[in-house]
Amino acid sequence: MIDCCQCKGIESQFDYKGAKKEQNKYFRKGPRKTTLELINRISNKNINGNTLLDVGGGVGIIQYELLKNGISKAVSIDASSGYHKIAVETAEKLNLNDAITNIHGDFADDNINPDPVDIVTLDRVICCYPDMKHLVEKSANACKHIYGLVFPRETFLFKLGIPIINFIMKIRKIPFRVFLHKTDEVHSIMSDNRFSLKDEYHSLLWQVKIYEK
């Protein structure tokens, strides 16, 4: 579970205004590169009729795109009230209320226990969690088939940059922090949950991993 300070930080960093900007950018230009890579690699599988759990679903980009590409239902869980509000408003505008269930909350909280689904996605989510192991294990347990995530690479730039970002947050009295988790540890958790790495993509700073059970 995210501690109270990180939850407050998420509210301040991922607010309604920022969500609106991200939504507008998506409708103008489409998904950002790594998100698109995640979507395309999942869509290349046989996903017709599949169900999706999008952890940290944001404004709903992955949900909208995978619904276009054949899935039948999606559940989005996001800890930001601003992003949740935008996601609900957008689903209504796109007439997707019957296809998307939006939940506001911390997915790692023990009170949130969604039904198992075919596909689980975490796009730039685990870098917001101090307890990566619990988050990945819980989301893997909810996944029956395809598990896709985007998270930072252990590059020199991130190793140098994240402490600087967190220091700036600290002196500005912003409680949000960013975390650089080890790729090998993520892979080990997925292997322990009977998932195999099937596809991947690397940008300069980010990595996309697609696991299957």
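Annotation note: Cβ proximity below 7 Å between a residue of the range 19-32 that is hydroxyl-bearing (Ser, Thr, Tyr) and a residue that is outside any helix (DSSP H, G or I) (sequence gap 6+ or interchain) occurs for Tyr26/Val59. Checked against the criteria, Ser139 counts as assigned to a helix (DSSP H, G or I), under 23 Å from Asn46 (Cα atoms) and under 16 Å from the mean Cα position of the chain (by Cα).
Considering only residues in the range 108-155 that are among the acidic types (Asp, Glu) and in contact with a helix residue (DSSP H, G or I) (Cβ under 7 Å, 6 or more places away or on another chain), the one that is farthest from Leu180 (Cα to Cα) turns out to be Glu137. Only one entry of Asp54, Asp78, Asp106 meets the criterion of being of a type in the set (Asp, Glu), in contact with a Gly (Cβ under 6 Å, 6 or more places away or on another chain) and surrounded by 17 or more Cβ atoms within 10 Å (Cβ to Cβ), and that entry is Asp78. Yes or no: the range 153-170 includes at least one residue that is within 17 Å of the chain's Cα centre (by Cα), at pLDDT 95 or above and not small (Gly, Ala, Ser). There is at least one residue in the range 153-170 that is within 17 Å of the chain's Cα centre (by Cα), at pLDDT 95 or above and not small (Gly, Ala, Ser).
Condition check ((1) closer than 30 Å to Gly49 by Cβ; (2) out of contact with any strand residue (DSSP E or B) (no Cβ under 6 Å at 6 or more places or on another chain); (3) of a type outside the set (Ser, Thr, Tyr)) across all residues:
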| site | (1), (2), (3) |
| --- | --- |
| Val125 | yes, no, yes |
| His145 | yes, no, yes |
| Lys170 | no, yes, yes |
| Tyr211 | yes, no, no |
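Of the residues screened, Phe167 is not one that is of a type in the set (Phe, Trp, Tyr), out of contact with any Pro (no Cβ under 6 Å at 6 or more places or on another chain) and not in a helix (DSSP H, G or I). Consider the range 62-75 and keep the residues that are in a helix (DSSP H, G or I) and touching a Gly at 6+ places or on another chain (Cβ under 9 Å). The one that is surrounded by the fewest Cβ atoms within 10 Å (Cβ to Cβ) is Glu65. For the range 90-102, a residue qualifies if it is under 18 Å from the mean Cα position of the chain (by Cα) and farther than 18 Å from Lys20 by Cα, and the qualifying residues are Ile100, Thr101. A search for C-beta distances below 9 Å between a residue of the range 175-194 that is closer than 24 Å to Glu212 by Cα and touching a residue at least 40 places away in the same chain (Cβ under 8 Å) and any residue that is surrounded by fewer than 16 Cβ atoms within 10 Å (Cβ to Cβ) and among the aliphatic types (A, V, I, L, M), counting only pairs 6+ apart in sequence or on different chains, returns Met190/Leu197. The residues of the range 125-175 that are more than 20 Å from Asp78 (Cβ to Cβ), of a type in the set (Val, Ile, Thr) and touching an Asp or Glu at 6+ places or on another chain (Cβ under 9 Å) amount to a single one, Ile146. Contact map, the range 91-113: residues that are in a helix (DSSP H, G or I) paired with residues that are of a type in the set (S, T, N, Q) and exposed (fewer than 14 other Cβ atoms within 10 Å of the Cβ), Cβ distance under 9 Å, separation 6+ or inter-chain. Pairs shown: Ala91/Asn97.
Taking the conditions exactly as written (among the polar types (S, T, N, Q) and crowded, with 19+ Cβ neighbours inside 10 Å), does Ser139 satisfy them or not? Criteria met by Ser139. The condition of being outside any helix (DSSP H, G or I), out of contact with any Leu (no Cβ under 8 Å at 6 or more places or on another chain) and among the charged types (D, E, K, R) holds for only one of Lys45, Lys25, that being Lys45.
The values are calculated or read from the model by the stated rules, or taken from the named source; none is laboratory data. These numbers come from a predicted model, not from an experiment. As a convention, Cβ positions derive from the backbone with ideal geometry for all residues, glycine included, and neighbour counts pool all protein chains shown.
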